[in-house]
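A short write-up of the structure that comes next.
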Amino acid sequence: MPRRLFIGDIHGHYDGLQRLWDAIAPESDDEIYCVGDLIDRGPKSADVVDFIRRHATNCVRGNHEQLILDTFIDGKINPPTLQGWIFSGGQATLTSYHGAASTLEDHLEWLRQLPLYIDLGDLWLVHAGVNPMLPIAEQSSYEMCWIRETFHSSLTPFFSDKLIITGHTITFTFPGVDPGQIVAGRGWLDIDTGVYHPRSGWLTALDWDNQIVYQVNVFEPIERVRSCAEAITYLDPTLIKKRPRHVATRAAF
C-alpha cells in the first residue's frame, strides 16, 4: 500500500536528509510531506530546498521560511527583518547559496507558494499549530507558523476527526520528554526532534499508515527504526506553562 510519510524540521541538514531518504526508501506512489523549516542553522539549506521541491509531495511553510520571505520582498532586502533572520540561522542559509542570486530568487518563488496547512482528511499538516480559540478562517500565518503554548496546552482537540501533525517546537523542550522522542498532545503530534540541537541531532520521518518512525542522527552515524508505540511520548497538557503575551515573542527554535 502507498505510504504517507512526514518529515520533521530539516534546518539545512542535507546530508542527514539523504540518509533519512535512504532509510525510508520511498516508492513512486508514496506521498512525502514536510512540516516546514527546511532552511537555516544547518550548512546546506539551498541543497535541502532543491531536493524537497523536486522529490517531496508537498511542504507547509514554517517560521523560518516566513522569516526569509519577510526579509526578501520584491527582490530587495527588508532591513527591519534582516537582523532577526540572520540571528535565527539565516547567515548559514545565505552562505549555502554561494552568491548564486538567481538560484536564491528561484527558491524564494517556490517558498512563497507553500501553503500554511495541508488537509489530508484524517490528518492535518501545519508547522506550529493553531489557535484553539479561532476558527480556521481566522487563523493567520502568525498562529500557524509561530504558536506554541496556547496550542500545546489546549485540553480539547481542535478537530474531532483529524490529527494535527506539526513541527516547530523541539520535542525535548516539553516536560519529561527525552531527545529523539516525538510528542502527542490532545489531538496533535509533534515530530520536530531537534536535528540541529547538540542535545539531540535526530531527524525524523513518520510513516503514519504503518505506525513506523525512521530516524537518523546528524552528529553520529546512527540510524534507527521504531514503532510509534516506542517513539511517542504522551504529554499532559496541564504541564505546559503559558508565557505572558508580551514574553511570547517569535523565538525561532
Q: Provide a single number: the residues in the stretch 1-28 that are open to solvent by less than 10 Å² (accessible area, probe 1.4 Å) and more than 26 Å from Ser102 (Cβ to Cβ).
A: 8
**Q.** Where Trp202 falls short, out of the listed (1) over 16 Å from Gly62 (Cβ atoms); (2) aromatic (Phe, Trp, Tyr); (3) open to solvent by less than 10 Å² (accessible area, probe 1.4 Å)
**A.** (3)
**Q.** Condition met for Glu31 (open to solvent by 40 Å² or more (accessible area, probe 1.4 Å), under 18 Å from Pro115 (Cα atoms) and not aliphatic (A, V, I, L, M))
**A.** yes
Q | Residues satisfying the stated conditions in the stretch 56-77, i.e. without any contact (Cβ under 8 Å) to a residue 24 or more places away in the chain and open to solvent by 10 Å² or more (accessible area, probe 1.4 Å) | A | Asp70, Ile73, Asp74, Lys76, Ile77
Q.
If I filter the stretch 104-115 down to residues being open to solvent by 20 Å² or more (accessible area, probe 1.4 Å) and part of a loop (DSSP other than H, G, I, E, B), which single residue comes out as farthest from Ile147 (Cα to Cα)?
A. Gln113
(Q) Among the listed residues Arg186, Arg226, identify the single one that is on the phi < 0 side of the Ramachandran plot and outside any loop (DSSP other than H, G, I, E, B). (A) Arg226
Q: Check off (1) more than 20 Å from Ala205 (Cβ to Cβ); (2) modelled with pLDDT of 95 or more; (3) surrounded by fewer than 20 Cβ atoms within 10 Å (Cβ to Cβ); (4) hydroxyl-bearing (Ser, Thr, Tyr) for Ser96 and give me the number that stays unchecked.
A: (3)
(Q) Can you tell me which of (1) closer than 30 Å to Asp161 by Cα; (2) part of a helix (DSSP H, G or I) is the one Ile118 doesn't meet? (A) (2)
Q | Selection within the stretch 133-143 - open to solvent by 30 Å² or more (accessible area, probe 1.4 Å), outside any helix (DSSP H, G or I) and within 23 Å of Tyr33 (Cβ to Cβ) | A | Ser140
Q: Look through Ile32, Ile52, Ile39 and report the one residue that is touching a strand residue (DSSP E or B) at 6+ places or on another chain (Cβ under 7 Å), closer than 23 Å to Thr95 by Cα and either in a loop (DSSP other than H, G, I, E, B) or not charged (D, E, K, R) (or both).
A: Ile52
Q. What number of residues within the stretch 116-132 are open to solvent by 40 Å² or more (accessible area, probe 1.4 Å), closer than 20 Å to His168 by Cα and not aromatic (Phe, Trp, Tyr)?
A. 4
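Matching residues to (1) assigned to a helix (DSSP H, G or I); (2) closer than 21 Å to Leu116 by Cα; (3) out of contact with any helix residue (DSSP H, G or I) (no Cβ under 9 Å at 6 or more places or on another chain):
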residue: Pro2; (1), (2), (3): no, no, yes
residue: Phe6; (1), (2), (3): no, yes, yes
residue: Trp21; (1), (2), (3): yes, no, no
residue: Glu27; (1), (2), (3): no, no, yes
residue: Pro43; (1), (2), (3): no, no, no
residue: Leu69; (1), (2), (3): yes, yes, no
residue: Thr81; (1), (2), (3): yes, yes, no
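The values are calculated or read from the model by the stated rules, or taken from the named source; none is laboratory data. Values in this document were obtained by computation on a predicted structure and should not be read as measured data. All Cβ positions, even for glycine, are placed from backbone atoms using ideal geometry, and neighbour counts span all protein chains on display. Please note that ligands, DNA and RNA were not included when accessible areas were found on the heavy atoms of the full protein model with its side chains. Shrake-Rupley method; radii C 1.70, N 1.55, O 1.52, S 1.80 Å.
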